[in-house]
1. Beyond 38 Å, what share of the Cα-Cα pairs of the chain remains, rounded to the nearest whole percent?
2. Can you put Tyr238, Tyr113, Tyr278 in order, fewest other beta carbons within 10 Å first?
3. Please report Glu264, Glu100 as a ranked list, fewest other C-beta atoms within 10 angstrom at the top and most at the bottom.
4. Could you please tell me the mean projected area of the C-alpha convex hull for segment 174-302, averaged over all directions and given in square nanometres to one decimal?
5. For the charge dipole of segment 14-82, defined by +1 on Lys and Arg C-beta atoms and -1 on Asp and Glu C-beta atoms about the Cα centroid, which residue among His72, Gly41, Ile29 has the Cα displaced farthest towards the positive pole?
6. Using a simple charge model, +1 on the beta-carbon of Lys and Arg, -1 on the beta-carbon of Asp and Glu, nothing else, what dipole does the chain show about its Cα centre, in debye to the nearest 20?
7. Could you work out the helix-only [θ] at 222 nm for the chain, with each DSSP H run of four or more residues adding -39,500 (n - 2.57) and the total divided by the number of residues, to the nearest 500 deg cm²/dmol?
8. If I model segment 91-192 as equal point scatterers sitting on the Cα atoms and use the Debye formula, what is log10 I(q)/I(0) at q = 0.18, 0.21 Å⁻¹?
Amino acid sequence: MKNFNYIKNKKIFFIISTVILIVGIFSFIFKGFYLDTDFIGGTTLEYSMNRPISVEEADIISDYVEEITGIHPSSVQRSQNAENPENNDILIKITEINTESRDAVFVKLSEIYGITEDDILQSTNVGASMSADIRSAAITATIIAVVLMLIYITIRFDVTSGISAVVCLSHDLFVMITAYSLFSIPLNSTMIAAMLTILGYSINATIIIFDRIRENKRLHPEYSVDESANAGISSTFYRSLNTTITTLLTIGMIYFIGVASIREFALPLIIGIISGFYSSVFLAAPIWSVIKKTFAKKQKTN
């Protein structure tokens, strides 16, 4: 959109992000999060079903488990092992249940699918200490990724670009976490992979825009800060849009044909990718422009 002035309309984009911020905070306070066994501990049950299990059957097994235990399992996944490369195994994660409930689940599945005790691959409780380690790993991985990206962009471009990029990355992570809260998506270890994926996707689109801004400043020294920023966005808009649409088509297919656990991973990715496109196109350069002009005013004052 070459005729659209992104910088002039930056207040609209800032207001939209502020509204999202407020919605997210209210969701965190009043709705909270649905923590999976990876984060709060619980019971993990895994059985070899001796034949491929379909998506529909996995959902039916989830209903059986809820009927027996009175608790909706956080996930029921089809899985594979080295001996059986097809989806012959079923992995159930649920809030910690007692031995009687675990035995009752096994009896139900043995009646329907004919499994025996030899088909029990796993029947364990995930302790709170292990869950704390996973939470710590998620936080540490995110912080390290953001810091390294800040250093890289600062070295490649300038500190203004680095600050702008980190603000956008924080925005995308916040939107993604808000989605987990609003849609009650279980928070589990896959969230780490989703967050790092979004960080990589978002920073790639942002770097392209900053690179074009730097090129415009070199080719057109007469351009003001706002003109350089606006030209940089305009020249990369359709490239960013096409990349986003292509990525969404792929992940969208995964979402629609996948089992519940796959959909719970794909949905935050879809929302994060859309947020990454929005922040890269509509926030990164405007924030860069605001910071750049603020620094320039301070230098003049001093």
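Derivation of every value follows stated rules applied to the coordinates shown; laboratory data play no part. No experiment lies behind these values; they were computed from the predicted model shown. So basically every Cβ, Gly included, is an ideal-geometry build from the backbone, and we count neighbours across all protein chains shown.
1. Values: 12945 of 45451 pairs.
Counting every Cα pair in the chain, those more than 38 Å apart make up 28 percent.
2. Details: Tyr238 11, Tyr113 17, Tyr278 21.
Listing Tyr238, Tyr113, Tyr278 from fewest to most nearby Cβ atoms yields Tyr238, Tyr113, Tyr278.
3. Numbers: Glu264 25, Glu100 10.
Ascending number of Cβ neighbours within 10 Å: Glu100, Glu264.
4. Numbers: hull surface 37.9 nm².
Computing the convex hull of the Cα atoms and averaging its projections yields 9.5 nm².
5. Ile29
6. Working: 23 positive and 28 negative charges, 615 e Å.
Charge dipole of the chain: 2960 debye, to the nearest 20.
7. Working: 10 runs with 207 residues, N = 302.
So the calculated ellipticity at 222 nm is -23500 deg cm²/dmol.
8. -0.97, -1.12
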